[in-house]
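S.K.: Before we start, here is the structure in question, set down as structure tokens.
The values are calculated or read from the model by the stated rules, or taken from the named source; none is laboratory data. What you are looking at is a predicted structure, and each value in this text was computed from that prediction instead of being measured. Quick reminder, even Gly has a Cβ in these numbers, built from the backbone with ideal geometry, and neighbours come from all protein chains shown. When the accessible area is computed, the model is the full protein with side chains, heavy atoms only, and any ligands, DNA or RNA have been set aside. Shrake-Rupley method; radii C 1.70, N 1.55, O 1.52, S 1.80 Å.
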Amino acid sequence: MSITTLEFENLLNKSVHFQNEIIDLLSLSTFDQSKRIVTSRVMCEISLEHAISFTVLLTSDCFTSAICLIRLQYESLVRSIWCLYAALDASIEIISNELTIESENKANKLPMLGDMLKQIEGKAPQHLLEKLLEIKHYSWKPSSSFIHAGLHARNRHSEGYPLGLLEQVLKNSNGMLAMVAQMFIILTGVPQMMERIHKLYKGYADCFPVSKD
């Protein structure tokens with residue numbers, strides 16, 4: 001079923017409200033100030049910033065640039081989960097270093113995204129890993145095309161963006177943002193607070209993608 005312009009505008013407005021709910025989570029304190037937890041939190045904040053920037057670009061009709069940000073939102077989310085559950089202490093130390101030529105060279109040798117996903121397996125909550133793998137399976141090649149000005153970017157920019165595509169991408173962004181929200185709660189060390197996320201899922205259920213299982 002195709003989506004109308006009014007339905008898409010309503011989805012976009014509700015998505016912004018959802019983002020504001022996640023922004024409120026920034027006031028939560030982390031379990032401690034260890035480099036591992038702080039680094040994971042920073043990566044969550046970066047992913048949130050990409051999600052916000054994505055909707056700003058959508059409202060400005062900058063669709064090609066907006067879709068490129070989905071990949072950045074995903075990669076920072078993966079790194080947040082990897083930092084918390086799977087990264088070696090030495091890797092956390094490298095990421096936490098001040099920015100210098102030496103630290104940059106060391107950071108360039110950190111695991112690539114595919115390796116991070118493998119290292120997360122069996123360490124992070126299974127439902128988070130499954131969602132990350134599902135997103136990668138369905139969106140990796142198209143997102144690469146947009147980032148590298150490939151066929152997808154050329155075609156959509158020239159021919160236009162169907163509302164159905166924009167709806168799908170917006171819901172994917174919201175789905176990743178919901179995972180960021182879970183991470184914010186996990187990083188507090190207070191699992192009882194996860195009920196707050198469950199309420200958000202129910203309240204914004206129509207803003208998320210339907211699982212392809």
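S.K.: Name the pairs: first residue in the range 144-173 and closer than 17 Å to F208 by Cβ, second residue open to solvent by 60 Å² or more (accessible area, probe 1.4 Å) and in a helix (DSSP H, G or I), Cβ to Cβ under 9 Å, at least 6 apart or on different chains?
M.R.: L165/R156; E167/E7; K171/D206; N172/Y138
S.K.: On to the next question. If I ask for residues that are surrounded by fewer than 22 Cβ atoms within 10 Å (Cβ to Cβ) and either touching a Pro at 6+ places or on another chain (Cβ under 9 Å) or more than 29 Å from Y138 (Cα to Cα) (or both), which ones from the range 70-85 would you list?
M.R.: Y85
S.K.: Then there is this: Looking at the range 93-101, can you tell me whether even one residue there is assigned to a helix (DSSP H, G or I), open to solvent by less than 70 Å² (accessible area, probe 1.4 Å) and within 27 Å of S53 (Cα to Cα)? Spell out the reasoning first.
M.R.: From the range 93-101, those assigned to a helix (DSSP H, G or I) are 93-96, 101; that's our starting set.
From the residues that got through so far, the ones that are open to solvent by less than 70 Å² (accessible area, probe 1.4 Å) too are 94-96.
Add one more test, that the residue is within 27 Å of S53 (Cα to Cα), and what stays is 95-96.
Yes: one or more hits.
A quick yes/no check of all residues on (1) of a type in the set (S, T, Y); (2) assigned to a helix (DSSP H, G or I):
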position: T64; (1), (2): yes, yes
position: R71; (1), (2): no, yes
position: E75; (1), (2): no, yes
position: C83; (1), (2): no, yes
position: A87; (1), (2): no, no
position: S91; (1), (2): yes, yes
position: E104; (1), (2): no, yes
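Per-residue answers, yes or no, for (1) under 30 Å from T39 (Cβ atoms); (2) open to solvent by less than 20 Å² (accessible area, probe 1.4 Å); (3) in contact with a strand residue (DSSP E or B) (Cβ under 9 Å, 6 or more places away or on another chain):
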site: S144; (1), (2), (3): yes, no, no
site: A153; (1), (2), (3): no, yes, no
site: H157; (1), (2), (3): no, no, no
site: Y161; (1), (2), (3): no, no, no
site: M176; (1), (2), (3): yes, yes, no
site: A181; (1), (2), (3): yes, yes, no
site: I185; (1), (2), (3): yes, yes, no
site: K202; (1), (2), (3): no, no, no
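S.K.: Between residues in the range 1-12 that are modelled with pLDDT under 95 and residues that are in a loop (DSSP other than H, G, I, E, B) and surrounded by 13 or more Cβ atoms within 10 Å (Cβ to Cβ), which pairs lie under 6 Å by C-beta distance while being six or more apart or on different chains?
M.R.: Nothing qualifies.
S.K.: Looking at K118, is it modelled with pLDDT of 95 or more, charged (D, E, K, R) and open to solvent by 30 Å² or more (accessible area, probe 1.4 Å)?
M.R.: In short, yes.
S.K.: While we're looking at this one, here's another question. Just one of the numbered conditions (1) buried (at least 19 other Cβ atoms within 10 Å of the Cβ); (2) within 18 Å of E21 (Cα to Cα); (3) free of Cβ contacts under 8 Å to residues at least 60 places away in the same chain is not true of T55; which one?
M.R.: (3)
S.K.: Could you check how many residues of the range 14-34 are open to solvent by 90 Å² or more (accessible area, probe 1.4 Å) and farther than 25 Å from L84 by Cα?
M.R.: Adding up the residues that qualify gives 1.
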